[in-house]
Amino acid sequence: MRIRALLTFALLLALAGCGKKAGGKELVVFWQFFPAEQIGPVLDEFRKQNPGVDVQMEQLTWQSGLEKITAATAAGNVPDLCELGSTWFPRFAAQGALVDWTDSTAAMAQQMVLADMARVNGRSYGLPWAVGTRALFWNKALFARAGLDTTRGPENWDELLAAARKVNKLGGGIAGYGANAGERYVLFKKFMPYAWGNGGQLLTDDGKASAFDSPENVQALEFYLALAKAGRVDRQDQLDEAFMQGKLGAQISGAWLFRKIPKQAPDLAYGVALVPHPVGDRGTHASFAGGEILCSFKASKNPSGALKLARFLASRDAALMLARANQSVQPAVRGVESDAYYQQRPMERVLLDQLALAVPTPNHPAWLDMEAAIEDEVEKALYGKESAAQAVKAASARIDALAKNTDLSAK
Amino acid sequence: MSAVRRAGAPLFLVPVLLTMLVPFAWMLFLSVQPGAGGDLTLAALARARFTLEHYAALLQASGFPRYLVNSLVVAAVVVGGNVLTGAMVGYALARKSFFGRGALTWGVIATLMLPKQVLMIPLYLVLARLHLLDTYAALILPFFVDAFSIFLVRQYVTQLPAELEDAARVDGAGELRIFVTIVLPLLRPALAVVAINSFLLNWNSFLFPLIFTNSDRLRTLPVGLALFAQGEHAVDWGLLMAGSTISALPVLLAFLVFQRHIIEGITAGAEKG
Amino acid sequence: MSRRRRFEASTLFLLSPWIVSLLLFGLYPFGFSFALSFYDYSPLNPQSAKFLGLANYAEALRDPLFWTALKNTLIFVFGTIPFTTLLALGLALALQKRFRGRDFFRAGFFLPTVVSIVVISLVWKGLYAPEGFLSSLVRALGGTPPRWLLEPHTALASIMAMDVWAASGYYMVIFLAGLQAIPEELYESASLEGATPWQKFVHITLPMLRPTFLFVLVVNSVRSLQVFTEVFVMTGGGPLHSTLTSVFYLYEQAFYKFRLGYASSIAYLLFALTLGLAFLQVRWLKLESPRT
């Protein structure tokens, strides 16, 4: 009785929802993760400039958002435009779920800082929208107490290690350096900057074999282990907490702190620096790069509308609008450092400088397994189960097996 | 049982309770601290302040009242369904002899044994085919009949003496009449537990409401709270703790209301004098 | 006592909700996921699913992480259930008779169940932090606090402790209901024969409580075998896979590797184990009414 009425009502509702042309307007269904108050003004601007198009935005949660996109894809119930993180993106592209945008976004892609993020096997399956990197956050007050220079952050490995050790000796629950424990999808971003900075690599240029087992990577891991001993090892959110409580000398973290610190620790005296490079001439201030990519599914109902919206969102003005509101990401287009917003915020500009030197992860279909291999072995070294050399060798062997066994042709 | 004083609580319970409540004390504490920190250290206690800004932000947030109403409506309907169908099926499995009863009982228990991470996508496909996605039906129908409730009632009924039902049967009453007039009242404690459990599970249900609905107008409280308070790299602790406290109140209320039916001892048959 | 062995109309009616629900929302998901376990299936690319026969199952049985996850899951189950059950039963017995403020005590012990497990896990993660409240407490008592979630040999135990805390109130309520089904006159006639409280407990309460006890045991086992959210929020399976559980592992396979077929095979292996364990528990406690 009640069930039948409910079912009928539901069916009527569903039928009423059908029909993508509401009042003569074209409809673009857009799934994304930014809070409504940040993306709202950007979408309003789009609607103003495109009166014939209506955007139906749905905000996804970071918790289980991927499950939702996956379930929708399995059922063919996909949005027109979707935001995918750079870690998830290669899988979606490699499995043939996304529309090939190589030709339609060629011009825009040239203006992007990390256009390769959206490329798999030489073809572009999305448009980079917002990017993020990691830099060194250091505590000025603790550095001062330890008698260190507070005008600039540590420049190279020796300076960082010395600073970490001095701050670590201050006692009272204060730690010098915050190293990440074996946290999936995170540890990698905190260790590899040192490896890349030292000239280390992951894969050979053709992507068919591992180039991970190298003296540069072993040195980087030994350095990382030394840093961990001069501080503490914990998960990222705990390290951020400790940093904001003024109990951590330095750590590698990201732009989300620019949002959190004013709210939670407005009196914190801190600085941001590029990730230190090895001593001497060799090496760079490398860091990890990732971001959000706009893409459209092959099963979408309105692919042309999706492309129109994507082009707008990734354009300089719209992306800047979002980046200013969000603070945790930067636009993917080049040249935004000249904008007044970044001119007034030197610390956020450091992130932009870091981006120019940042390295994206290879868009290899087996990348997540390779990343897991690195994280597993680094974790074992952190807990003293392996030496740095053994860990690098073991990780390299696993990466090599994955590189050789994976069929690189897109399905 | 042990001879307990009618006046006050057994003394040993008090420290046990206080220990149990420590995490909640922290939750409440964090919900009234300014900023968004997840600082659960003694230092945080030392610099404690007080603000209701998180509660205010949530209650004024657009959509929040809507999410509350959605959660209430859906939970109420599902609880009603679980209580009714749990009683019906549980009683039948416990008392009625029929071919395949053992298999059906094990079938009920077995449906609890597959994790929802695996069931999620096929269930989504079913709802998609039935065109029920993004409707209230998607939030209600798959959960209307619940294996846990059935199993609980079944176990409870096997503990009940069957004399009252048999006497009524001898008197010539029909089976359904016996069910409604005799069995259902006796099932009150079990149904109270079913109500509490169903309300609780449904109220806090996150994954299925998230993936089965898209529109903001259908959103339930846990999903709304996650949208506000859980970012990619950072959790807004103040908002999350405040939201969780607000969210806990209806469940607590439901508990206090329903658990009154779990009273001390029944005197089955004694009322007959 | 006439009990006909054919289906009565009333029986069919009483069973109908379950039958309908099973047909709509039970059989398809179960059948689909069971079938998937024999395929190489990615939800992103459903059309190119490949039939693999038993290859997924074979791979799972050869996969060292599958066995690590299984081992951790079993430690979790057998390590928490005795404590949760005893604590729940104890609390129920203490809160059975009426006394002033009893309802508030009941509510207080039930409180951990009321809040979402995600939030509970987050709060406990903070409590377990190296400078967190629990460590401070240990230091105040003069000891050196363990590193809780950061050490391979304490991480799982830390999660287990939290789980016992979170779950006992829930099962306490179920025991309360079960205790109520025991007729008062049994206790009264025992008192007339001069039985002590302990004797009443052992010879009346425990036997009469058997079906409830079995329920708690089975449900607790099923839920514990599927432990996921706590691991997801607090440790992500680490450190060094010491908190990797079966459902967490299959979740990674399904949603990070998009190998839903492989994940399904793990799920069904877990299912078989769960069913087997329930079977043993029923055998041990005998699934009939004690009043034969």
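The Rg/Rh ratio of the protein assembly as shown, with both radii computed over alpha carbons and Rh defined as the Kirkwood radius, is 0.98.
Could you work out the local net charge near residue A:339, counting Lys and Arg as +1, Asp and Glu as -1, over the other residues with Cβ closer than 15 Å to its Cβ?
Details: positive: A:316, A:324, A:334, A:345, A:349; negative: A:317, A:337, A:348, A:353.
Every neighbour counted, the sum reads +1.
Each of A:178, A:203, A:220 was placed along the dipole of the stretch A:137-238 (beta-carbon charges, centred on the mean Cα), and the one lying farthest toward the positive end is A:178. From the P(r) of the stretch C:201-252, can you give the percent of Cα pairs sitting at distances over 12 Å? When all Cα pairs of the stretch C:201-252 are counted, 69 percent exceed 12 Å.
Cα extents for the stretch A:307-411 along the principal axes, largest to smallest and rounded to whole angstrom: 49, 39, 19. Using only the alpha-carbon atoms, how far is helix B:101-110 inclined from the longest principal axis of chain B? Give it as 0 to 90 degrees, nearest 10. Once rounded, the angle reads 10 degrees. Note on the stretch B:6-100: with charges restricted to the Cβ of Lys and Arg (+1) and Asp and Glu (-1), its dipole about the Cα centre is near 360 debye.
Only Cα sites of the stretch C:39-285 enter the Debye sum here, all with the same form factor; the resulting log10 I(q)/I(0) across q = 0.08, 0.15 1/Å is -0.42, -1.10, listed in q order.
Between the C-alpha center of the stretch C:59-86 and that of the stretch A:225-267 there is a gap of 34 Å. Taking A:72, A:286, A:162 in turn, the Gaussian network model of chain A (Cα-Cα springs below 10 Å) assigns the largest fluctuation to A:72.
Considering only Cα atoms, the convex hull volume of chain B works out to 192 Å³ per residue. What you get for the protein assembly as shown, charging only the Cβ of Lys and Arg (+1) and of Asp and Glu (-1), is a dipole of about 2060 debye around the Cα centre. Measuring between their Cα centroids, the stretch A:135-197 and the stretch B:41-81 lie 38 Å from each other. Of the two radii for the stretch C:60-100, the radius of gyration is 1.40 times the Kirkwood radius, both from the alpha carbons; that is the Rg over Rh value. DSSP beta bridges fully contained in the protein assembly as shown are about 60 percent antiparallel.
Determine the distance separating the Cα centre of the stretch A:321-341 from the Cα centre of the stretch A:78-106; give it in Å without decimals. After rounding, the separation between the Cα centres reads 23 Å. Between A:119, A:282, A:47, which gets the highest mean-square fluctuation from a Gaussian network model of chain A, Cα cutoff 10 Å? Largest GNM mean-square fluctuation: A:282.
Using the crude model of +1 on Lys and Arg Cβ and -1 on Asp and Glu Cβ, and no other charge, please compute the dipole size for chain C relative to its Cα centre, in debye to 20.
On the way: 23 positive and 15 negative charges, 95 e Å.
Around 460 debye, computed over chain C.
Size of the stretch C:152-257: Rg and Dmax of its alpha carbons, in Å, are 20.2, 67.
Per-residue ellipticity at 222 nm for the protein assembly as shown, helices alone: DSSP H runs ≥ 4 residues times -39500 (n - 2.57), over residue total, nearest 500 deg cm²/dmol?
Details: 46 runs with 553 residues, N = 976.
Value at 222 nm, helices only, nearest 500: -17500 deg cm²/dmol.
What net charge is computed for the residues neighbouring residue C:85, neighbours being all others with C-beta under 15 Å from the C-beta of residue C:85, Lys and Arg scored +1, Asp and Glu -1? Once all neighbours under 15 Å are counted, the net charge is +1. Placing +1 on the Cβ of each Lys and Arg and -1 on the Cβ of each Asp and Glu in the stretch C:39-285, which of C:53, C:232, C:186 has its Cα farthest towards the positive end of the resulting dipole? It is C:232. Along the axis of the charge dipole computed for the stretch A:48-164 (Cβ charges of +1 for Lys and Arg, -1 for Asp and Glu, origin at the Cα centre), the listed residues A:60, A:160, A:84 are led at the positive end by A:160. Looking at chain B as a GNM with Cα springs under 10 Å, which of B:14, B:79, B:32 has the largest mean-square fluctuation? Maximum fluctuation in the GNM of chain B, among the listed residues, is at B:14. Taking N as the residue count of chain A, its C-alpha radius of gyration divided by 2.2 N^0.38 Å amounts to 1.06.
Compared with the dominant Cα axis of chain B, that is its longest principal axis, helix B:237-259 is turned about 20°. Rounded to the nearest 10 degrees, the angle from helix B:147-159 to the longest Cα principal axis of chain B is 40 degrees.
Values in this text are rule-based calculations from the coordinates and carry no lab data. In this text, all values refer to a predicted model and were calculated from it rather than measured experimentally. Neighbour counts are summed over all protein chains in view; Cβ atoms, including those assigned to glycine, are modelled from backbone coordinates with ideal geometry.
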